[in-house]
Amino acid sequence: MERKISMTTDVLVVGGGPSGLTMALLLANAGLDVICVDQAPKAAQLKTSFDGRTTAISSASRFVLEAAGMWDAMMPDAAPILDIRVADTDSPHFLHFASDETDRGAFGWIVENRLMRKALFDAADKSSLKHIQPSKVEDFEYDGDMVVVTLSTGEVIATSLLIGADGRHSPTREWADIQTVNWDYKQEAIVCCVEHEEDHEDVAVEHFMASGPFAILPMTDDEKGKHRSSIVWTEHDTDAKRYLDLKKKDFDAELQDRFGPHLGQVKHLGKPMIYPLRFMHAKHYTAKRMALIGEAAHVIHPIAGQGLNLSMRDIALLAELIVDNRRIGLDIGSDVLLKSYSRLRKTDNMLMGAMTDGLNRLFSNNIPPIKWARTRGMGIVNHVPPLKRFFANQAMGFANGNDANLPRILRGEVL
């Protein structure tokens, strides 16, 4: 039976998380007709219990959020990262990256996911974007040069370009029959916010341990002026739940042991959450009139805090290709555009995935020869300025440091 089209749009974004809504806002702000379909209710997404994590926003990713119209709303709640310290188990040596050694300002910012979502929702309410939620896509099909989707609300939408931003278990990717390469790290991340006596002074710490990295990420002070940080505590998947089952004082004692004395007494706030860690990479990023972005295309280890920042690079490039094609009257869902997007993003995403995978395997052990090699390697990086600049540029989201190769938005230019 032929379905009656309820709406026609230039672009339909499936998934209303940070990647999907940012993508939709960029295109809507550039004058395209855009619909974003979001499965979760807005109110639920603003609760800490929905997602208690924080996200590292790199210096380059900030430009994307500015173009989407929501960075100013986030800025008061975003804590800058001015220094990064990387330590290895009990070694006295550590890597130190200082933002004042660059000419780009802060390495990035740490912001609570729920506050980022609120800023995105507020920006969507002020834009021309049609944000449909809660609803999900129940059926996909092609109709000539259009993709037609049927929503759980009964609406039928036809679009020139479908963008899948629906996460690591992407129904859009499954519909397009795109296979993935994936593996389980057999690690889980314990995530929570902590309060501590001393000021973190905008320093992010990555402390490598045998079970995995323990990251301390600076947050803004609370309304009472209490100092806060977010932690990402990686443990073997057989051990993580054991820590969550501890009494509060015992859990805090474990935290204190990992923090050490430099921030004074530490205690956790709220309920810690556990997230399993996996690697996933889609073998293809596109199909006919369809593109994948963010975790629908790639999931990496959080060891370097680059997950959402890779997504922002997907978004910046795809938005530029779409807008440029529209301005000169070309088809925004063409195979040429989609092949360009896939070719230009795959290399960067695969390299970052390989780097984070390699770092996790290199540092998550106590094998003496490997520990010795790690210590030597960290010492070399500390004393070779070009190597330090390379890693600093990676942390800031500028890849190899050659801005000329970046999409316009990541250079702070207008889309």
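The values are calculated or read from the model by the stated rules, or taken from the named source; none is laboratory data. Quick caveat: nothing in here was measured; it's all calculated off a predicted structure. So basically every Cβ, Gly included, is an ideal-geometry build from the backbone, and we count neighbours across all protein chains shown.
Below are the figures for this structure:
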{"item": "Residue in the stretch 240-250 that is among the hydrophobic types (A, V, I, L, M, F, W, C) and in a loop (DSSP other than H, G, I, E, B) present", "result": "yes"}
{"item": "Residues of the stretch 1-47 classified as hydrophobic (A, V, I, L, M, F, W, C), in a helix (DSSP H, G or I) and surrounded by 18 or more Cβ atoms within 10 Å (Cβ to Cβ), total", "result": "7"}
{"item": "Which listed residue, of 153, 159, 172, is at pLDDT below 95, under 21 Å from residue 137 (Cα atoms) and not basic (Lys, Arg)", "result": "153"}
{"item": "Candidate set: the stretch 137-174, residues that are among the small types (Gly, Ala, Ser) and outside any strand (DSSP E or B); chosen: the one surrounded by the most Cβ atoms within 10 Å (Cβ to Cβ)", "result": "165"}
{"item": "Some residue of the stretch 196-206 being surrounded by 22 or more Cβ atoms within 10 Å (Cβ to Cβ) and under 23 Å from residue 295 (Cβ atoms)", "result": "yes"}
{"item": "Residue among 316, 296 that alone is over 25 Å from residue 179 (Cβ atoms), in contact with a helix residue (DSSP H, G or I) (Cβ under 6 Å, 6 or more places away or on another chain) and buried (at least 24 other Cβ atoms within 10 Å of the Cβ)", "result": "316"}
{"item": "Residue among 184, 177, 221 that is of a type in the set (Asp, Glu), out of contact with any strand residue (DSSP E or B) (no Cβ under 7 Å at 6 or more places or on another chain) and surrounded by fewer than 19 Cβ atoms within 10 Å (Cβ to Cβ)", "result": "177"}
{"item": "Positions within the stretch 196-226 being among the acidic types (Asp, Glu) and touching a helix residue (DSSP H, G or I) at 6+ places or on another chain (Cβ under 9 Å), in sequence order", "result": "202, 206"}
{"item": "Residue check for residue 197: at pLDDT 95 or above and farther than 30 Å from residue 164 by Cα", "result": "yes"}
{"item": "Among residues of the stretch 394-415, those that are farther than 24 Å from residue 30 by Cα and either part of a loop (DSSP other than H, G, I, E, B) or modelled with pLDDT under 70 (or both), counted", "result": "4"}
{"item": "Options 339, 371; residue that is among the basic types (Lys, Arg), over 29 Å from residue 217 (Cβ atoms) and either modelled with pLDDT of 90 or more or in a helix (DSSP H, G or I) (or both)", "result": "339"}
{"item": "Flag for residue 63 being under 22 Å from residue 231 (Cα atoms), among the aromatic types (Phe, Trp, Tyr) and crowded, with 17+ Cβ neighbours inside 10 Å", "result": "no"}
{"item": "Any pair with Cβ under 6 angstrom, 6 or more apart, that starts in the stretch 387-415 at a residue that is farther than 22 Å from residue 80 by Cβ and ends at one that is modelled with pLDDT under 85", "result": "387/381"}
{"item": "Subset of the stretch 58-112 that is assigned to a loop (DSSP other than H, G, I, E, B) and more than 27 Å from residue 22 (Cβ to Cβ) - its residue that is nearest to the chain's Cα centre (by Cα)", "result": "89"}
{"item": "Single residue of the stretch 145-175 satisfying the filter (free of Cβ contacts under 8 Å to residues at least 24 places away in the same chain and closer than 23 Å to residue 342 by Cα) that is nearest to the chain's Cα centre (by Cα)", "result": "169"}
{"item": "Candidate set: the stretch 267-288, residues that are under 30 Å from residue 333 (Cα atoms) and in a strand (DSSP E or B); chosen: the one farthest from the chain's Cα centre (by Cα)", "result": "287"}
